[in-house]
Amino acid sequence: MGASPVTGDGLADMALSTSTYNADGASSAVARLLTALRQALADPSGASHDGPVAAASGGRERQRDLEFARDVVSDIARPSETTTDALPHIVVFGPTQAGKSSVANAIVAANVAGVSPLAGYTVRPSACVHAAAAPRIEDCRWLASLRPTADRPAQQAEPQDAFVVSHTLPSAASSPLLACVVWDTPDFDSLAADQAQSGLLQALATADVFVLVVSKEKYADLSVWRMLRLLADLRRPLVVVLNKLTPEAEAVVPEAFRARLQALPGDFSSSPIATLPQFDGDSHQRAVALVPAARPAREAIA
């Protein structure tokens, strides 16, 4: 993604240029998003009342919002010239240590995303084509400025301008998802999140379905709800996976999360919420146990 600045006037021009695009209401959603961003830029004083730290935080959020808006416009404007554009893109995202990579693996019932107990382990988007026929990489609708590669394991660190593509075959365990692209993405709240932000935002911009993964420790974090507010105007489906729940947490956290969703602007209030328990054992045992437990999440996504 280029480093050229986007001004308020530029946002207005972008909003006008998307107003003629009328596929599934996408242009109107983008126009609303860009209008809100333009208004925020026109009155930046709101971030400075609480001191320099708050002002810096507000500046980073505006930069993120602008970058995401540009990615959405780029994705919508891209012509659909290949049959693999029809594959739905399912983007798994969430805060650090929520278990995003484990859930992505459970969705496709395969070990394709690298898993680690270390925070911030996933630093690049990782795409899994989950379909009976493997399309050529160059024929797929990928990210705006990152290049796909399939010549190294997904667990290995990638260059700044690349992401990994892997391929799995649908199975009885992964039913009812038959043909899709499932993304595992970096977190948005760790110390290293700023460095991985570009890839995360580009992946979210391609999403046909958002899958938010949060744990009982993270579901009320401000960073989670700021990200949901950013995505809400796109009016794309959201599936919430509450991960690593103890029996006590499972009795109260889904209801608390639903109440917060209903207070959020946009169409997320009726989003399905799936729960996954906290599994004991080593990483292999937990991965095996997650596959059948994730079936309600797969059904909600489908």
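The values are calculated or read from the model by the stated rules, or taken from the named source; none is laboratory data. It should be emphasised that the depicted structure is a prediction, and the values quoted were computed from it without experimental measurement. Glycine also receives a Cβ, built like all others from the backbone with ideal geometry; neighbour counts cover every protein chain displayed.
Please specify each residue of region 264-275 satisfying the condition of being buried (at least 17 other Cβ atoms within 10 Å of the Cβ) and either among the polar types (S, T, N, Q) or touching a Ser or Thr at 6+ places or on another chain (Cβ under 9 Å) (or both).
Within region 264-275, SER271, THR275 meet the criteria.
Suppose we keep only residues that are in a loop (DSSP other than H, G, I, E, B) and of a type outside the set (Gly, Ala, Ser) within region 277-292. Which one would you say is surrounded by the most Cβ atoms within 10 Å (Cβ to Cβ)?
PHE279
With the requirement that a residue be of a type in the set (A, V, I, L, M, F, W, C) and either part of a strand (DSSP E or B) or crowded, with 16+ Cβ neighbours inside 10 Å (or both), what does region 232-263 give you?
Correct list: ALA232, LEU234, LEU238, VAL239, VAL240, VAL241, LEU242, LEU245, ALA249, VAL253, PHE257, LEU261.
I want to confirm something. Restricting to region 177-196 and keeping residues that are part of a helix (DSSP H, G or I) and either buried (at least 18 other Cβ atoms within 10 Å of the Cβ) or of a type in the set (D, E, K, R) (or both), which single residue is modelled with the lowest pLDDT?
Across region 177-196, the extreme among qualifying residues is ALA193.
Which pairs do you get when a residue that is aromatic (Phe, Trp, Tyr), found in region 215-240, comes within reach of a residue that is part of a loop (DSSP other than H, G, I, E, B) and surrounded by fewer than 18 Cβ atoms within 10 Å (Cβ to Cβ), reach meaning Cβ atoms under 8 angstrom, with the pair 6+ apart or on two chains?
Going by the 8 Å Cβ cut-off, the qualifying pairs are TRP225/LEU264.
From (1) closer than 25 Å to PRO125 by Cβ; (2) part of a helix (DSSP H, G or I), pick out the condition that doesn't hold for PHE210.
Among (1) closer than 25 Å to PRO125 by Cβ; (2) part of a helix (DSSP H, G or I), the lone unmet condition for PHE210 is (2).
Would region 282-292 turn up any residue that is at pLDDT below 90 and of a type in the set (Asp, Glu)?
Yes - at least one qualifying residue is present in region 282-292.
Hey, can you tell me all the residues within region 66-120 that are at pLDDT 85 or above, in a loop (DSSP other than H, G, I, E, B) and in contact with a helix residue (DSSP H, G or I) (Cβ under 7 Å, 6 or more places away or on another chain)?
Correct list: GLY94, PRO95, ALA109.
For ALA274, indicate whether it is farther than 26 Å from ARG62 by Cβ, assigned to a strand (DSSP E or B) and at pLDDT 90 or above.
It is true that ALA274 is farther than 26 Å from ARG62 by Cβ, assigned to a strand (DSSP E or B) and at pLDDT 90 or above.
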